[in-house]
Ligand code: ATP
């Protein structure tokens, strides 16, 4: 069966490089599901959960902004500003970032640009918290490989 040759990179590291059966990705077009033989496409990533599936294995990754590019030959590349596996998310840090953003939006006079930046940061931190909470019943990090294993 055809596989997706997937790569997720940030400016800091390669977060995931794997042969996948499918991929679900948060974009400005909504959450899109990519299967092998998808038509070529470039879309903007929005803060949310990227789910990469390979057999029984399911990777859950928080992504912020960036781009997803679906190339011919089943190549899919995500260039993300930041990305963390669910088990890498520091919830205390995300909670503090949420508080900082909320206080700034309430108390500071901001330009439209500043406000948009703070609002985007708030959205990203809330998304990190949602993803961490969704998987909080699971072990800290998967024992075998980096995936989340369906129960
Ligand atoms: P903060 O305001 O909490 O410092 P930030 O907005 O500066 O966060 P980003 O610019 O989104 O953070 O990301 C910078 C780096 O820090 C990236 O490598 C990202 O993966 C990592 N990062 C940010 N927040 C968290 C978090 N809550 N848990 C784990 N890694 C995080």
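Readers should treat all values here as calculations from the given coordinates under stated rules, not as data from a laboratory. Model, not experiment: these values are computed from the prediction. Positions of Cβ are backbone-derived with ideal geometry, glycine not excepted, and every protein chain shown enters the neighbour counts.
Tabulated data
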item: The range 90-134: relative contact order as a whole-number percent, Cα under 8 Å and 6+ apart; result: 57 percent
item: Projected label distance in nm at residue 112 and residue 56, using a 7 Å step from Cα toward the beta-carbon; result: 5.3 nm
item: Centre separation in Å (Cα based) which lies between the range 8-85 and the range 86-101; result: 22 Å
item: Segment residue 32-residue 137, extension gain: residue separation times 0.36 nm, minus the distance between their alpha carbons; result: 35.2 nm
item: Helix 91-107 axis, angle to the chain major axis (alpha carbon atoms, nearest 10°); result: 40 degrees
item: Helix 112-134 vs. the chain, principal-axis angle (Cα, 0 to 90°, nearest 10); result: 50 degrees
item: The chain: relative contact order in percent, alpha carbon pairs under 8 Å with at least 6 residues between; result: 21 percent
